[in-house]
Every structure is written in structure tokens, then in C-alpha cells.
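Asks: Here it is, the structure in full.
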Amino acid sequence: MSETQEQKRWGHLRKVLERPGPFCHPEFEPSPEIMDFIVTSCKVLVVGAGGLGCELLKDLALMGFKQIHVIDMDTIDLSNLNRQFLFRQKDIGQSKAKVAAAFINKRVPGCQVTPHFCKIQDYDESFYRSFHIMVCGLDSIVARRWINGMILSLLSYEDGVLDNSTIIPLVDGGTEGFKGNARVIVPGNNACVECTLDLYPPQITYPLCTIANTPRLPEHCIEYVKVVLWPKENPFNAPLDGDDSQHIGWVYEKSLERASQFNIPGVTYRLVQGVVKHIIPAVASTNAVIAGVCATEVFKIATSCCLPLNNYMVFNDVDGIYTYTYAAERRDNCVVCSQVPQTLPIEDPSKVKLKDLIKILCEDEMFQMKNPGLTTVIDGKNKTLYISTIKSIEERTRDNLNKTLVELGLKDGMDIMVADATSPMTLVFTLKFATSDVEMK
Amino acid sequence: MSSPAPKSPEQSEKSKKYDRQLRLWGDHGQKFLENSKICLINATALGTEILKSLVLPGIGSFTIVDGEKVTDDDIGSNFFIESDSIGMSRAQVATQNLLELNPDVRGDYIDESVDHIMAHSQDFFDTFSVVIATCLPEKVLMPLSRHLWEKNVPLIVCRSVGFLGYIRIQVKEHTIIEAHPDNENHDLRLDNPWPALKEHLDKVDVTKLDNKERSHVPAVVILYYYLAQFKSKHGHLPKTRAEKEEVKKMITESPPPDEHGIKNLEENFKEAIRYINTCINPIKIPPNLQAILEDDSCINVNQNSSPFWVLCAALKEFVEKEGAPPLKGTLPDMAADTSSYITLQQLYQKQAQTQCEIIYRRALEIARNLGLSQETITESEAKLFCKHASELHVIRGSCIADEYQKTRVDLTSCLEDPDSLMFHYITLRGLERFISEFNSYPGQLDDHVEPDVLKLKGIIGKLLGEWGCSQIIRDERVHEVCRYGGAELHSVSAILGGCAAHEAIKLITLQYKPLNNTFIYDAITSTSASFTL
Ligand SMILES: [Zn+2]
């Protein structure tokens, strides 16, 4: 494409970047250099190449961005095609990141989307540090928290003062059915994902006694087959795979059997799939809206042409079209972004067992960890308290779960190091015993 | 015991592909979508973004009407226009690239301007399910709006300019059966149980249950028992807050003390207390349903009435006789043993079935008396209708041409409200008038921004005068629109495109409440507003 054609192509964008306006960012100075920056050097990372990711890539490419990277470990499934518009029937089974990147690069000349067909955890700080802006289009809260942890770990403080050059803004979007949200996180300056963990609703769980003894809903029957019958009968000598139609077929059969035994109506194949795979309904339109909002924010941040969203927007078009924008507040003692040392208050260390401590880390609304691994230092020596993710260590440390903190030799003021899937960094918690005078030897 | 051979239903490719959306609007909603015909006027970036979110979920077909040739501006903002297509028919290029998205969808195009079609064959538009127009000048919009209003074809008009955009829906009458409200109050009829339910509930004396039975009795049974106690003491059901507190106290004090003398309230009893606040108010006809029952179309059904209104006429008779809408037939989950819960659930379901049967039969009778074909009303439609009787809605919109002639809202008071985004509406109306008068966008050329600000200010002042509005629009608002010079920013069009597409889906599927009738989006502040104009 010739230079003049390139100039002409971005005529729309140049109008808002080369003309002054009354609602621009106070520091905005219109000039052709801004467009040059977008086109030549601004490096953006798109996390996720699914429903939001496809839209984000298209939106960013047509807002002039060329140095775009996209990371996604998923492959294309038939059920993606109702909204992930860069994929076709022939692409099923291929890497989402690769197919999406190739499509954009072909459709938008000059755009250089670089795909990464891997997990976000496969890369370290040096990769993430190389971007000017990141934008997340994920359906996983754990992955979103991990990315949030990553950008916060990139901040450097000198004498408690944040070095602004280490800030990488994060724009984050999420959708569910006809609802969605978009937010702008300026790490160290406004609310981060962990500050607002209470915004994520807990996953629906059914008490075991209900599903085992007093089922009433079709979901109870399906859950019973999933958590009780499957491990017991082990029909395919494999863990339950929601993408395997034989597995789902078996669960469907057995759920139907159980439901008819109790006269419970409403077990359908679709419901079985939904419960087993925790399926979140999704449509093209909501993804388009939320990705559009996110891409607009990336453009604002990259160009300073107007002030970015401050800082959270909710969208809902179930009844008419509704949006609400507000400033989500930072949590003073946020585990990830507050710089405040974290303490774990313990009422009675001779009664509290290690498993209780883990329960707090998993269930407290402020932590919501998934599979925390705990280590500490006792008398200058590293000690692994419990790690569930590595089989040999799990077996070796399993007995610790039922020991009290006193039995484990833990004392008031000691640090516990916690590693979890929700964070790229190890988090440090200081034990604070209410009954620190009680010394037991 | 050997398990029977798997006989799970083989899912079709289509239901696999559309799985994530079928969970929202169901197979019946999908069917409406697959039978729909959409017309897009002008394949701008916004236009193709709208069609994209309609082709993907599987509309039946689309037709693009656009006489323009592809320009550099299209290449830089429209994803469905390839860079090597400059000078080609925009309608043709967009149609080809949109069709790639979904092999189930058919599409064609007419590479002529909408004015041309309006002049030669107005009735071209009459067979579409929805007509969507972007970038349509006022002078074409007026006759098109009038025509489609008369023909009862829904019209969606939108524009995306700079960081601003709007969507205006014109629909004469739109009826909704499934509004899918976010939260609903459960209609348990404990204040006025039908005989079978009363007989069932009267059998249980909650005070005579042992501990195990207590923990398994459903909240509905508990609440009914204590309401009956209250009624036999006071002669009526609790109405005031204090009276409800009294029932609450009776329930709270009901458990037998444990060995420490402490009364532990079981989960199901706590549930019963929660239901006091939401479920024992006398059945009221919700305002949306009341409006339908009083609607002319319901009172005066005739040979031209749709199945919806015939069903409404039958529903009206039912409500007048029973004093309440038909039961939904569902029971919320509550802590209870399986058989107590299922027995109750079946009672509610059976009563709902009986009531639906009455309404369905009556609707068939009405249809017959009107000389309508009996097949117009299906049993499945009647079932859906009765189940959602409390959520029925009717929207009666307004014609855009009428709005442009005489606005219905009090602009002055809207403009006085500092939180209102009404000023955007005024500015955008000024913009439309400018485009029609000068055949260009204000600020389209770099050296025209300043003079165009003056021109646009003049136009807006004149419009406000016509509307008898004494307020003015701040200069910077006018300046900002001229700064855009008609620029279409792709990401802003993506936002509006998604919104407009979903409104079209609502109109087609008759599910979820559409916008009534104007939506304005300000991408600078990421805020929006809706107005009924
Ligand atoms: Zn935080």
C-alpha cells in the first residue's frame, strides 16, 4: 500500500488526532505524530482470542494499531462459530490465536498481529514488560487475576514512590449473555482486579447432602452423576471430559435415570452439557459492544485524545439498552496492589489447623484462591507446609493439613509464602496470633 | 446391573454451532431468526457491524441497498471491505464478505441508492422483517419512515460520528411474550390457594412434626401453616409490617429448644421467613399486563387480530373471572425432601396446565367466532403465552417523520437537567439537518471547521426555535461535532453495531424488551441515555 493511500486510509482517525477539541485530554496536543506512534511503535497485547479477542483484534487493527500480539492456548470449536467471526468450519481444531492473527493480517494490510499459541503462564515478566498497553478478553477469572498480578508485579517503587515508567495500563472486558463490563486499570493508581473481587459472583454449588439425599432440581441429578457416580463407576477409565460426547451421553443417561426415579422433570441434553461444562451463554452482539468499548479505551490511552474511562462500565441490553459508569474504589489493603503487608489474624493457633488456614485463603471474599501452596521458613530453613499441585509433594505434606499451627511449629509473626494459580507472584502473609502469649513446646 | 445402551439425542450440527445463544432465546427464538429477512441500507462500517452480529447468529437472509463505490475511508473503517476493492460496488463487496461468516445465511445486494428505489418501487421494502438504515439523509429518511410506518415494518436508524452515536427504533406495535425479567417474585397463591393446594397444605400441622420431619418440610407449607394461624387469630392475612413481623416471630420461635435450651432455626424455616416479604402480598395484576388488558387491540379483537391479541382477549376474560393471571406452574427450589417438594411442584404445574387449557380453548373459540383460521393459534404458543402472562408487554412506538415534525418531549426541562444527555440529541439533529442542507459533514475539510461551527450553530438555533425551546447548546458541543468532520471511528461503530443488532434480534424473536425508542452513546465519557421521542 502506497504512503498516500496509507494516509488516506486513516483519514477518519487523523481528524480526531490532528484537530484540537474542547473535550480532549488536558495534555493532548494534536499532531500527525500521534498517528505515527499508533501505526509504527505502539505495542498492544490482546489476551484471549475468543469472543472478545476476535472483536478486539478487528477493532484495534481498524483503529490503526499494527504492532499487536495475541495470546490464547485454545483451539477452535464448532460452538465458537456463532460469534468468533474470524473462524470458519475448516478452522475447527486449529489454534485460535494463529487463525485470528492470519485473518486480520490478510484483511487489514500492514497490520502485524503476532500469535502466541500457549498459556499466559508460559511467559514471564520480560515478555509482558515489552507492551505499552494490554487488553484482556477472557472468560476465566483466574487468568484475568493472573494478568492483573503480572502488570502489578512490573511496577517498581523507589522509596515508596511509584516509577510511572513501569506502568502498563490494562483494559479488561467480560461478557455473559446480554450483560457485560469494561474497565480501565492503571496499576498502582486505581482499583485493580483484586480490589474488586467481590464483583465476581461465586460459582453456583450444590450441597452434597442435597444432591445425594434430597434432589429436587434436574441440576441436582446431573451433579450427582458428575461428582458421585462418575468416580464410582469410572465408565471410560478417564476423568469426565465435557467435550467428549460419549462422556456427556453417559452423564445424560444416568441423570435421566436418577431424575425419573425421583419424578424430577427437566433433564435435557443441553442442560447436562451446561452443568457439566459450566457453559456461559454468549452472543455476537454483546461481545461486539464490550470489545468496542475496550478498543476505544486502548485508543484513548495510546493517543491521549480524551480522558480514559474512570474506571468501570457495566452494560446490559436485556431490557432496552442500559449502561452505568462509575469509579470502582481501591481496597486499602488489597493483597496485590496495596503495598500494605498482609497479615493473617489467627484466633487460637493451638486449635486452628493448616486446612482451616487454606480454607480461609480459598473462601474469604478478599482472597478467593484456587489451590494455594504454602511454604514458610522455620529456624532459617525452608519448610513446605502443603502443596496440592505436585503429586509427590501433596502426598508427603498431606498429613500437615490436620495439624494445628502450633503443631507445625508456626509462631506469631512468622511469614507464610503462598503460591496460587490466581497470581504470578508468591504472596507473603504474616501470621498474627491473638493468643501469642500461649507458648507450647 | 448393566446400563442400557446409550440413547442420548444426537445433536444436530446447527444446535452445536448455535449452542451458546440457544441457551438465551431457545429453539423457538432461533426459528424466528432463521425465518427473518433483513434489509440494510448503506454498508458503512456501522452498517456491516450490525449485519455481522445478525449473520453470525443465523438470520434467514439479508439484502444490502447501497449505491456507493468503495473509497479510502471505507478501507480504513469497514472490516468487510477489502483494501483492493476501491471503486467497486460497496454493496457487492460487503455482501460477499458478510456471507463468508455463515453458510446458513443467504444474502444479496442492490447497488442503487435508496432514493432511487424509493422513487421507483417503494413496496420493495414491505416484505422485510426489519429495515436497518445507516447514514441516511433526512430527506430520504422522512418518506421511508412514513412508508414503513404505514406498512408496519420495523425500522432501525443509526449513525456513528466521531465519539458519538445514536440508534432510533421505529416500530408501530411490538408485542413481547418472554421479557426474561432479571428477578421475579414467585406467585405462590398462599393467600388464596385453589382447592387442591388448600387440601394438601391443610394436612400438615407444623407443630406436630419431629425434628427430622421439621428439617424436610418445604417453606411453602411452613408459611401457609403460620398464615393460617395468624388468620384464625386476627380474621385476616397479615398486611402491615407489624403483622408480618408477628408471623415472622411465630416462625422464629417454633423450633423445640436443644439440650442447651437454644432454639436453632432450620434452613427451610429461614426460607419461609424470607418468603413473607415477597410472596404473601395479594395477587396484583402487574402494570404491563394491565395496560395490555385495557388496550384497544385486546378489547376489540377482529378478523385482523394477531394470535397474540386473540390470546389476550381470552386472558382478559380469565383475569376478570379469577382476579389473577394464570399460574406460571413453576416452584422455586427450597430446602425440602424430594417427595414433599415434587408433590408441591406437581400441584402448581397441574393447576397451571388446567388454567392454560381454559385460556387456550377460549382463544380458539374467539378465533372461530371472528372467522379466523383455528390453526393460527397453536397449543405450544398458548402454553408459552400463559406461562409468561405476567411478563407480557406491548410497545407502541412513534413514527420518525412525526418526531421530526413535532417533538413530543419537553426539551426545555430536559436541557435544564445537568445530568441529561439530551443536548447530544439536539446536536445530532442539527448534524442531520446540516448534512441534508449542505450535502457534506460539518468540518469535513480541515479549513472548514471554523465556518461550519457557525453554520451548525445557526441550524441548531433554528431547530430549537421551531421546537419553542428557549435553552441553548453550548458552543463546545457544536465545535466537537464539527471536529469529527463526519469521521467514523471503527470501535465506536462496533459498539453501536452490537447494540443495534441485538435490538433487531429482539424485534424478530419477540423476546426481551427492545429500546423505546432512542439510544445515544457518548464514547468520550462511556455514558449513554435512552429517550422516548
Ligand atoms: Zn488492588
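Asks: Mean residue ellipticity at 222 nm from the helices of chain B, using -39,500 (n - 2.57) per DSSP H segment of n ≥ 4 over the full residue count, to the nearest 500 deg cm²/dmol?
Replies: It comes out at -15500 deg cm²/dmol, rounded to the nearest 500.
Asks: For segment A:138-202, build the charge dipole from Cβ charges (+1 Lys, Arg; -1 Asp, Glu) around the Cα centre, then report which of A:192, A:181, A:155 sits farthest towards its positive end.
Replies: Of the listed residues, the answer is A:181.
Asks: Let me ask something else about it. Relative contact order for segment B:188-302 using alpha-carbon pairs under 8 Å, separation at least 6, rounded to a whole percent?
Replies: 30 percent
Asks: I'd like the Karplus ³J(HN,Hα) series for segment B:288-298: coefficients 6.51, -1.76, 1.60, θ = phi - 60°, whole numbers in Hz, and an x wherever there's a Gly or Pro.
Replies: 5, 6, 3, 4, 5, 5, 9, 6, 3, 5, 7
Asks: Using a simple charge model, +1 on the beta-carbon of Lys and Arg, -1 on the beta-carbon of Asp and Glu, nothing else, what dipole does chain A show about its Cα centre, in debye to the nearest 20?
Replies: I would put it at about 1080 debye.
Asks: About the Cα centre of the protein assembly as shown, what is the dipole size in debye to 20, counting +1 per Lys and Arg Cβ and -1 per Asp and Glu Cβ, all else neutral?
Replies: Computed charge dipole of the protein assembly as shown: roughly 1680 debye.
Asks: When only C-alpha pairs under 8 Å and at least 6 residues apart count, what is the relative contact order of chain A, in percent?
Replies: Normalised by residue count, the contact order of chain A is 15 percent.
Asks: Can you give the mean number of other chain Cβ atoms that lie within 10 Å of the Cβ atoms in peptide A:253-264?
Replies: The mean count of partner-chain Cβ atoms within 10 Å per residue comes to 2.
Asks: Also: As a test of reading the structure, rank A:35, B:250 by solvent-accessible area (1.4 Å probe, protein chains only), most first. Could you put the intermediate results ahead of the total?
Replies: Details: A:35 10, B:250 55 Å².
These residues rank, largest area first, as B:250, A:35.
Asks: With a Förster radius of 45 Å, plug the Cβ-Cβ distance of residue A:382 and residue A:213 into 1/(1 + (r/R0)^6) and report the FRET value to the nearest 0.05.
Replies: Given R0 = 45 Å and the Cβ-Cβ separation, E is 0.50.
Asks: Another question, if that's okay. Using a 1.4 angstrom probe and counting only protein chains, how large is the accessible area of residue A:301 in Å², to 10?
Replies: Estimated to the nearest 10 Å², residue A:301 gives 40 Å².
Asks: Within the set B:231/B:284; B:37/B:383; A:98/B:52; B:248/B:513; A:119/A:359; B:172/B:455, which residue pairs have Cα atoms separated by over 30 Å?
Replies: B:248/B:513; B:172/B:455
Asks: Okay, next question. Once the Cβ-Cβ distance between residue A:6 and residue B:380 is put in as r, and R0 is 56 Å, what FRET efficiency do you end up with, to the nearest 0.05?
Replies: That gives a FRET efficiency of 0.50.
Asks: Return the percentage of antiparallel bridges among DSSP beta bridges fully within the protein assembly as shown, rounded to the nearest 5 %.
Replies: 55 percent
Asks: Evaluate the relative contact order of segment B:287-395 (contact order divided by residue number), counting alpha-carbon pairs under 8 angstrom at least 6 apart; express in whole percent.
Replies: Averaging sequence separation for qualifying contacts and normalising by length gives 37 percent for segment B:287-395.
Asks: Further, regarding this structure: Dipole of the protein assembly as shown (Lys/Arg Cβ +1, Asp/Glu Cβ -1, origin at the Cα centre): which of B:478, B:311, B:43 lies farthest to the positive side?
Replies: Farthest towards the positive end: B:311.
Asks: Between residue B:420 and residue B:232, what is the label-point separation in nm under the 7 Å Cα-to-beta-carbon projection?
Replies: 5.9 nm
Asks: Moving to a separate point now. Can you name the helices of chain B, as whole DSSP H runs, whose Cα span along the helix axis is 20 Å or more and whose Kyte-Doolittle mean is not below 0.0?
Replies: B:219-234, B:307-322, B:422-438, B:449-466, B:490-509
Asks: A follow-up question, please. Please turn the phi angles of segment A:119-131 into ³J(HN,Hα) values with the Karplus equation 6.51 cos²θ - 1.76 cosθ + 1.60 (θ = phi - 60°), one per residue in order, whole Hz, x for glycine and proline.
Replies: These are the phi-based 3J(HN,Hα) values: 7, 4, 6, 6, 10, 10, 3, 4, 5, 5, 5, 7, 9 Hz.
Asks: Would you mind checking which residues have amide H under 5 Å from residue A:70's amide H? H placed 1.01 Å from N; only 5 or more apart, or other chain.
Replies: Residues meeting the criterion, in which the H sits 1.01 Å from N, are A:46, A:114, A:116.
Asks: Right, something else. Give the separation of the Cα centroids, segment B:427-478 to segment B:55-134, in Å.
Replies: 30 Å
Asks: What's the center-to-center distance, using Cα atoms, between segment A:83-130 and segment A:268-292 in Å?
Replies: A separation of 22 Å, based on Cα centres.
Asks: Sticking with this structure for a sec: Quick one: 3J(HN,Hα) in Hz for segment A:411-418, Karplus 6.51/-1.76/1.60 with θ = phi - 60°, rounded, Gly and Pro as x.
Replies: The phi angles translate into 10, 3, x, 6, 9, 10, 9, 10 Hz.
Asks: If you don't mind, there's one more thing I want to ask. What lysines sit close enough to residue B:457 to cross-link, taking a C-alpha to C-alpha distance under 25 Å and skipping anything fewer than 8 places away on the same chain?
Replies: Output for residue B:457: A:15, B:139, B:406.
Asks: Next up: Hey, can you rank A:178-189, B:465-476, B:145-156 by average C-beta count inside 10 Å, highest first? Display every interim value, and only then the final one.
Replies: Working: A:178-189: 22.4, B:465-476: 13.5, B:145-156: 19.7.
The densest-packed peptide leads the list: A:178-189, B:145-156, B:465-476.
Asks: Based on the mean of other beta carbon atoms within 10 Å per residue, what is the order of A:97-106, B:46-55, most packed first?
Replies: Descending packing order for the listed peptides: B:46-55, A:97-106.
Asks: Right, another one. Between residue B:343 and residue A:279, how high is the FRET efficiency from 1/(1 + (r/R0)^6) when r is the Cβ-Cβ distance and R₀ = 25 Å? Nearest 0.05.
Replies: Using R0 = 25 Å, I get an efficiency of 0.20.
Asks: Here is a follow-up. Round to the nearest 10 and give me the degree value, 0 to 90, for the angle of helix A:245-261's Cα axis relative to the longest principal axis of chain A.
Replies: 50 degrees
Asks: May I pose another question? Angle between the Cα long axis of helix A:141-153 and the longest principal axis of chain A, 0 to 90 degrees, nearest 10?
Replies: 70 degrees
Asks: Ok, one more. Hey, got the dipole for chain B? About the Cα centre, +1 on K and R Cβ, -1 on D and E Cβ, debye to the nearest 20?
Replies: 1760 debye
Asks: Order the peptides A:271-280, A:221-230 from the highest to the lowest mean number of other Cβ atoms within 10 Å of their residues. Mind dumping the intermediate values first?
Replies: Working: A:271-280: 18.6, A:221-230: 21.2.
Going by the mean number of other Cβ atoms within 10 Å, highest first, we get A:221-230, A:271-280.
Asks: Can you give me the distance in nm between label points at residue A:159 and residue B:296, each placed 7 Å from the Cα along the Cα-to-Cβ direction?
Replies: Each label point is offset 7 Å from its Cα along the Cβ direction, giving 7.9 nm.
Asks: On average, how many beta carbons from a partner chain sit within 10 Å of the beta carbon of a residue in A:268-274?
Replies: Per residue, the average neighbour count from other chains is 3.
Asks: Assuming 0.36 nm per residue, please report the length gained on full extension of the stretch residue A:37 to residue A:203 beyond their Cα-Cα distance. Intermediate results must be reported in sequence, preceding the final value.
Replies: Values: separation 166, 0.36 × 166 = 59.76 nm, distance 4.26 nm.
Between residue A:37 and residue A:203, full extension yields 55.5 nm more.
Asks: Right, something else. Any chance you could run the full-extension gain for residue A:234 through residue A:391? It's 0.36 nm times the residue separation minus the Cα-Cα distance, nm to one decimal.
Replies: Here the segment from residue A:234 to residue A:391 would lengthen by 54.4 nm.
Asks: What is the gain in length, in nm to one decimal, between residue B:303 and residue B:202 on full extension, counting 0.36 nm per residue of separation less the C-alpha to C-alpha distance?
Replies: Going from the current span to full extension adds 31.6 nm.
Asks: Could you tell me which of B:75, B:109, A:275 has its Cα farthest along the dipole of the protein assembly as shown towards the positive end, charges placed at Cβ (Lys, Arg +1; Asp, Glu -1), taken about the Cα centre?
Replies: A:275
Asks: Name the residues whose placed amide hydrogens come within less than 5 Å of the amide hydrogen of residue A:432, ignoring near sequence neighbours (fewer than 5 apart) on the same chain.
Replies: A:344, A:346, A:413
Asks: Just checking the output field for A:57-64: average partner chain Cβ neighbours within 10 Å of each residue's Cβ?
Replies: Across the residues of A:57-64, the mean count of other-chain Cβ atoms within 10 Å is 5.
Asks: Are there cysteines in chain B with no other Cys C-beta under 4.7 Å, and if so, which?
Replies: By the Cβ distance rule, which asks for a partner under 4.7 Å, the isolated cysteines are B:39, B:135, B:158, B:279, B:399, B:414, B:469, B:482, B:499.
Asks: Taking amide H positions as placed in the peptide plane 1.01 Å from N, state which residues far from residue B:133 in sequence (5 or more) or on other chains have amide H under 5 Å from it.
Replies: HN-HN under 5 Å from residue B:133: B:41, B:156, B:157, B:158.
Asks: Additional query: Give me the distance in nm between label points sitting 7 Å out from Cα along the Cα-to-Cβ direction at residue B:122 and residue B:11, one decimal.
Replies: Label-label distance for residue B:122 and residue B:11, simple model: 4.9 nm.
Asks: Could you give the angle, 0 to 90 degrees to the nearest 10, between helix A:51-62's Cα long axis and the longest principal axis of the Cα atoms of chain A?
Replies: 20 degrees
The values are calculated or read from the model by the stated rules, or taken from the named source; none is laboratory data. Note that this is a predicted model, so its numbers are computed, not measured. We place every Cβ from the backbone using ideal geometry, glycine too, and count neighbours over all the protein chains shown. With ligands, DNA and RNA removed, areas are computed over all heavy atoms of the protein, side chains included. Shrake-Rupley method; radii C 1.70, N 1.55, O 1.52, S 1.80 Å.
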